[in-house]
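The values are calculated or read from the model by the stated rules, or taken from the named source; none is laboratory data. Computed from a predicted structure; not experimentally measured. Backbone-built Cβ (ideal geometry, glycine too); neighbour counts: all protein chains shown. Note: areas computed on protein heavy atoms with side chains; ligands, DNA, RNA excluded. Shrake-Rupley method; radii C 1.70, N 1.55, O 1.52, S 1.80 Å.
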Amino acid sequence: SFVTVSDVLAGKVSVGTTVTVRGWVRTRRDSKAGISFINIHDGSCFDPVQAVVENSLPNYSSEVLHLTTGCSLAVTGTVVESAGKGQAFEIQATTVEVLGFVEDPDTYPMAPKRHSMEYLREHAHLRARTNVTGAVMRVRNCLAQAIHRFFHERGYFWVATPIITASDAEGAGELFRVSTLDLLNVPKTEQGEVDFKQDFFGKEAFLTVSGQLNAETYACALSKVYTFGPTFRAENSNTSRHLAEFWMVEPEVAFADLNDIAHLAEDMLKYCINAVLTERADDMAFFAQRIDPTVIERLQHVVSNDFVHMDYTDAVEILQNCGKKFEYPVSWGTDLQSEHERYLAEEHVGAPVVLKNYPRDIKAFYMRQNDDGKTVAAMDILAPGIGEIVGGSAREERLDKFDQRLAELGMDPEDYGWYRDLRRYGTVPHAGFGLGFERLVSYVTGMTNIRDVIPFPRAPKSADF
Ligand code: ATP
Ligand code: MG
Ligand code: MG
Ligand code: MG
């Protein structure tokens, strides 16, 4: 029967059973006694399984001795206890069927050595075969499953929000426009130029920067919802924490306030981290060994302590008085830069920190105004090594305050007719947050560049296929 490497190594197959594993050669070693040891990985777990192949096999010298890293094969044999240390089980091969050799092994790009992350990014179609990318993708999957499970267990409904939208939810102007390539029917202005304002069947449309506004619609009906999907931002800079295409987790909760969602985010993060520590211990041991020696201790500390909460105003004071020289100075009313966020999380608190009540002028138009007339009920969660991983707020549910804010910002209420309706017909307090999924994967694995925690990074100079 066909089994995975994980089945064999985890002891799910009894000793003495005949099985077939299929995968790719990681390494081959030959003993003088005419026995070859082939390590085979199939991506199901971190470790490869060892197949012991004797020279009595008919294709031993014609094929087995030519196997190199990257060859694909199916090995049939008996599961036996392993004499060597490291692994409990191995396979005593009875047949080795080569599915595909590697053309010109000397130039195989994924030869078994430590490659730089830049090199792996240049070989994005093959990097999934490496230890590091395999481990990242298994952890990423574990986190995604944990997120859905977390919300499902708490009675949240998953809502699919649209990728094509008309509104710039964040007002940051980082939109990609949706345009037709139907040249014959492309709308034209009177001057004969492409009319982008008409390009989506007579209207202007963009790729979504956030599913929040749409999720609010469903929160104001199903009470507890979340959306989890791709979002797009024209971030034309090469930071290690911004992608042009990234995934966001956005719960939206009716009858909730700022502290409710700060605690929801904390619970969710702890739930996800616990899932990774228990379900992906093999991959996490690798990250601790290769990427960041303290990653596991750090995460254990996070799950067993309450998050520290702090007001933006107090944070500014801390940053001004800490004696550290920042590239950008901090004053009340400015948005914090990554260097400030990291200082607060890494050096001041030494753990994730919840920053609350930001000046309203640096936050989006939909956030709920505080009574002081200066701040809004917003919160960011800042993580060591990264900075902002979560941004959330209570939403302005009072129509008069909302309209006043639109007017101050010179925004057209007509564009927000449907959003205003949620406030006109049975409005309720509600709140939500957005978690950058790749920032979470970076944080949990210790990987320092966000391009290495998504299968196909989209950023300036990386959108090859
Ligand atoms: P930043 O200040 O880091 O640019 P932001 O405040 O613009 O982030 P939000 O609009 O608050 O981002 O989006 C919610 C979350 O989405 C952020 O907390 C972050 O985790 C994530 N995020 C935002 N922009 C990106 C991006 N370009 N690539 C990856 N994740 C992102
Ligand atoms: Mg941004
Ligand atoms: Mg920000
Ligand atoms: Mg933000």
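General remarks:
- Per-residue extension of 0.36 nm, minus the Cα-Cα distance of Asp314 and Thr95, leaves a gain of 72.0 nm for this segment.
- Helical mean residue ellipticity (222 nm; -39500 (n - 2.57) per DSSP H run of 4+; nearest 500) of the chain: -8500 deg cm²/dmol
- Angle in degrees between helix 399-408 and the longest Cα principal axis of the chain, rounded to the nearest 10: 90 degrees
- Percent of C-alpha pairs per 20 Å bin, the chain, short to long: 21, 46, 26, 7, 0
- You can think of it this way: the chain between Phe2 and Leu57 has 17.8 nm of extra reach, that is 0.36 nm per residue less the Cα-Cα gap.
- Prolate/oblate/rounded label for the range 193-296 (Cα gyration tensor, a/c 1.5): oblate
- Put a plus charge on the Cβ of each Lys and Arg, a minus charge on the Cβ of each Asp and Glu, and nothing anywhere else: the dipole of the range 103-203 about its Cα centre is then about 700 debye.
- Zone of Ala166's modelled label, taken as backbone nitrogen in the range 233-260 under 17 Å from a point 7 Å along Cα→Cβ: none
- Net charge in the neighbourhood of Leu73 (other residues with Cβ under 11 Å of its Cβ; Lys, Arg +1, Asp, Glu -1) is -1.
- Of the GluC sites (Glu not before Pro) in the range 66-121, those whose Cβ has at most 11 other Cβ within 10 Å and which sit in DSSP loop: Glu103
- For the listed peptides 38-45, 172-179, a ranking on the average number of other beta carbons within 10 Å per residue, highest first, reads 38-45, 172-179.
- Cleavage-rule hits (trypsin sites (Lys or Arg not before Pro)) in the range 280-379: DSSP loop, at most 13 neighbouring Cβ within 10 angstrom: Lys324, Lys325
- Of the chymotrypsin sites (Phe, Trp or Tyr not before Pro) found in the range 362-444, those in coil by DSSP whose Cβ has at most 10 other Cβ atoms within 10 Å are Tyr425.
- The residues of the chain have, on average, 48 Å² of accessible surface per residue, using a 1.4 Å probe with all protein chains present.
- Dipole axis of the chain (+1 Lys, Arg; -1 Asp, Glu on Cβ), positive-most option in Phe433, Ala383, Asn131: Asn131
- Cβ-defined net charge surrounding Cys142, 13 Å radius [Lys, Arg +1; Asp, Glu -1]: +1
- Crossing angle, helix 131-153 versus the chain [Cα axis fit, 0-90 degrees, rounded to tens]: 50 degrees
- D_trans [Stokes-Einstein, Kirkwood Rh over alpha-carbon pairs] for the range 276-379, 20 °C, 1.002 mPa s, µm² s⁻¹: 135 µm²/s
- Sequence-distant lysines (8 or more away, or on other chains) whose Cα lies within less than 27 Å of Lys188: Lys197, Lys203
- Once the C-beta distance of Phe456 and Asn236 is scaled by a Förster radius of 25 Å, the resulting FRET efficiency is 0.85 to the nearest 0.05.
- Counting heavy atoms of the protein chains alone, Cys272 has an accessible area of about 0 Å² for a 1.4 Å probe.
- Simple label model, 7 Å out from Cα along Cβ direction - Arg149 to Phe196, nm: 4.4 nm
- Here, the range 129-196 is characterised by an Rg to Rh ratio of 1.22, where Rg is the alpha-carbon radius of gyration and Rh the Kirkwood radius.
- The relative contact order of the range 1-121, computed from alpha carbon pairs under 8 Å that lie at least 6 residues apart in sequence, is 26 percent.
- Quotient of Cα Rg and 2.2 N^0.38 Å for the range 414-465, N being how many residues it contains: 1.89
- Atom-type composition of the exposed protein surface of the chain places 50 percent of the accessible area on carbon and sulfur (1.4 angstrom probe).
- Check: the chain dipole with +1 on Lys, Arg Cβ and -1 on Asp, Glu Cβ, in debye: 1100 debye
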